[in-house]
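Engineer: Quick one: the structure is below, and I'll ask about it shortly.
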Amino acid sequence: MEKITLFESFNISKKNKQINEKDYNNIMDLLNELSELDPKCLSEDDYEKLIKYLPLSPTHNNQVLAAGCNVIASLCSVDLARHYFGEKITVAIVNILKSLSSPINKDKYIQECLLQACRAVGNLCYYHEVNTKCALKEGCLLITMGLLKTNINENIQPVVIGLLLNLTHLDDYNYKFQDNMIEELNLYGIRYMEYKNNNYRFYINLVSVMINIVKKSSSNTKITDYEKCFFIDRLLEKYNMHINITSICIKFIKQVSKTYNVYNWILKEKYKTLIEVLDKYEENQEEDSKHIVKKICDIIILLSNDGMDNALHFKLFNTVTSYYGSMEKSKQLDVLYLVEWLLKKLNSNNVYVKLSAVRSLGNFSRFKYEPIHTTISPANIITKHITWFIKNLDQSIKDKNSLMEVSILCLFKNILYVTNFESVYENDIDKLIKTTIDVLNHTTFNPIVMKGLDVITYIIKKGGINQKKLVLYKNSTFIKLVTTHCNSVDEDIKILAKKLLYSINEDINESEVIGSKSVEDNI
């Protein structure tokens, strides 16, 4: 590092406008030499000298600036260098970017300087909170987005996206994103796909930037206008067998599905792409493939939950014209398409897919369709497969599969919100009651107890008890079990048990009264 003093004399010569070709060549050689050093071999004092003497003023020749930025970018491959260079160098490099960003021409030295400056800021900010906040404060995010609209070389574009990725990684920073940022990145991605080679890393980084923006802007509906995100669709169509691209696209959709008002966005045939991807990866036992399948299952569960949440706001089951009753017919058909596909997945060899299908079907079964739009509802379609659910509930008891038990019981409860099981054979209803009672006899797991009590309560509420079914409820063992739950330490279970016991006694009394009147009539 003895040669570092050359920088001081070079800066003085430049100030006095006395630089000759030899001085210039010596400085370029020194900068190239520094860029090849192992950053761990430099001391804190060495870094302080570099901060003081490196030629990083925008007034320098573009070749010198490019070489200086290359030194910073190369040394910042380790966190120690990022720490030592800190805010002073971060500000200096951002200022170079500002001087280059407008206007940009095709001059090779300007382009090279731009490339190295983007590398330098990107590496300075790589998971370094202080430097990243400093760069953002200096307006680097806006500058970088502006670069995407300019005439930059093809080899610079991936570096610019990498810089954006490192600028948007902070979780606790109050970002000020442009309202059209997602839209601009989407259009930029489309242009890149049309004219560039298959740069997989570029696509992964670009989608990762979009995920960061979504994560930090979920309440800003101007930014989160996902109707325009057809870039994601294109990627999934073209690269669905490239596991890393597929994974990041699914991750984006999952992040979006957690935000406000995205139900329609996913239903605009995006779900068809999702299920095509799941079908391709479903049987693959590699960990990455399993993650993709799991994320898609989670998205569909979130989608079905979104409907349930909105249903509560519109008092779905207490109004004549419900929110889902007034849903566009095309969207109703989208839901029905998903329901039919999920029913096929009940026989999947993938346990998570099978469980997720039951959970999603349980949620979709609450979607109430008014006859004015369609006579077919998810509940009616799902009810046709009631035998499968009863059989698997019984098997889940034997397997002690509590997640499947809860999911199937929840599905039964939700179907009973919107139907009386009018299309179900009486024999199947008997099996359902017996199996649900069997569940309660074999579990102490509170969620299962609650759902089991709920299902039986709703069966009584919706259909009452005829003489044949009275035998099931008057069983002393069952009555004793419900009575025990009436004294549960869990307040919710206690309330449900008391409600069920009241319903049973009330229907028994009514049935006895009806029976006695029949005798009197005969007399």
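Engineer: Two decimals is fine: what is log10 I(q)/I(0) at q = 0.21, 0.22, 0.28 Å⁻¹ for region 405-453, from a Debye sum with one equal scatterer on every Cα and no solvent?
Structural biologist: Log10 of I(q)/I(0), two decimals: -0.74, -0.80, -1.11.
Engineer: What are the equivalent ellipsoid semi-axes of region 349-421, built from the alpha-carbon gyration tensor (square roots of five times its eigenvalues), in whole angstrom, biggest first?
Structural biologist: Details: eigenvalues 118, 27, 19 Å².
Equivalent-ellipsoid dimensions as semi-axes: 24, 12, 10 Å.
Engineer: Under the Kirkwood approximation applied to all pairs of distinct alpha-carbon atoms, what is the hydrodynamic radius of region 1-174 in Å? Intermediate values should be presented prior to the final figure.
Structural biologist: Working: mean 1/r = 0.0616 Å⁻¹.
About 16.2 Å, per the Kirkwood formula over Cα pairs.
Engineer: Further, regarding this structure: Considering only Cα-Cα distances, which of the following residue pairs are longer than 19 Å: Lys258/Lys345; Lys98/Lys196; Lys391/Lys431; Lys251/Lys329; Lys258/Lys329; Lys268/Lys329? Walk me through the numbers on the way to the answer.
Structural biologist: Numbers: Lys258/Lys345 24 Å; Lys98/Lys196 27 Å; Lys391/Lys431 9 Å; Lys251/Lys329 29 Å; Lys258/Lys329 25 Å; Lys268/Lys329 13 Å.
Among Lys258/Lys345; Lys98/Lys196; Lys391/Lys431; Lys251/Lys329; Lys258/Lys329; Lys268/Lys329, the Cα-Cα distance tops 19 Å for Lys258/Lys345; Lys98/Lys196; Lys251/Lys329; Lys258/Lys329.
Engineer: Using a 1.4 Å probe, how large is the accessible area of Phe421, given in Å² and rounded to the nearest 10?
Structural biologist: 10 Å²
Engineer: Using every pair of alpha-carbon atoms in region 211-266, split the distances into 10 Å bins beginning at 0 and state the percent of pairs per bin, rounded to integers.
Structural biologist: Result, from short to long distances: 24, 54, 21, 1 percent.
Engineer: Can you give the extra length, in nm with one decimal, that the chain gains between Tyr352 and His242 once fully stretched, where that is 0.36 nm per residue apart less the Cα-Cα distance?
Structural biologist: Working it through step by step, the gained length comes to 37.4 nm.
Engineer: Counting only Cα atoms, I'd like the Rg/Rh figure for region 176-306, Kirkwood definition for Rh. Before the final figure, lay out each step's value.
Structural biologist: Values: Rg = 14.0 Å, Rh = 14.9 Å.
Ratio of gyration radius to Kirkwood radius for region 176-306: 0.94.
Engineer: As a test question: what accessible area, to the nearest 10 Å², does Arg119 have when a 1.4 Å probe is rolled over all protein chains in place?
Structural biologist: Around 70 Å² of this residue is reachable by solvent.
The values are calculated or read from the model by the stated rules, or taken from the named source; none is laboratory data. In this text, all values refer to a predicted model and were calculated from it rather than measured experimentally. Side chains are part of the model used for accessible areas, which takes the heavy atoms of the whole protein and leaves out ligands, DNA and RNA. Shrake-Rupley method; radii C 1.70, N 1.55, O 1.52, S 1.80 Å.
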